[in-house]
Amino acid sequence: MTTPAPLYKLVRRDLLRTLMQRTGDGSAVSVRQLAHRTGAARSTIGNLLTGTQEATDVETAHKIAAAIGVDVLVLFVPVGRTTPLALVRQGVSA
């Protein structure tokens, strides 16, 4: 039996939107540009921004943070193996 890969839950979608308006180098990045820079689907970025999708895989989370110019833990909190997503939604730490 394989253990599911951990996910990274977006801390706040408004924070992602704000940081996209002014990245680490001072420029703005669109959903399309961020998707291109990270290799993620535009729908993934869009869904994170709308709340349709709450979490993404580790690699995508790191790529999004790097493309925006912040540490991954500014935007995402690890969930999965040790912290179930349901507990993070409830504000409970493991």
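The values are calculated or read from the model by the stated rules, or taken from the named source; none is laboratory data. Note that the structure is predicted; figures quoted are calculated from it, not measured. FYI the Cβ positions are ideal-geometry reconstructions off the backbone, even for glycines, and counts take in every protein chain you see. When the accessible area is computed, the model is the full protein with side chains, heavy atoms only, and any ligands, DNA or RNA have been set aside. Shrake-Rupley method; radii C 1.70, N 1.55, O 1.52, S 1.80 Å.
The residue pairs whose first member lies in region 11-32 and is of a type in the set (Val, Ile, Thr), whose second member is open to solvent by 60 Å² or more (accessible area, probe 1.4 Å) and not in a loop (DSSP other than H, G, I, E, B), and whose beta carbons are closer than 8 Å, counting only pairs six or more residues apart or on different chains, are 11/74; 29/37; 31/42.
How many residues are among the β-branched types (Val, Ile, Thr), closer than 18 Å to residue 14 by Cα and open to solvent by less than 20 Å² (accessible area, probe 1.4 Å) if we restrict to region 38-58? Residues meeting the conditions: 2. Looking at 61, 28, 5, 35, just one residue is of a type in the set (Gly, Ala, Ser), assigned to a helix (DSSP H, G or I) and either under 14 Å from residue 79 (Cα atoms) or open to solvent by 40 Å² or more (accessible area, probe 1.4 Å) (or both), and that residue is 61.
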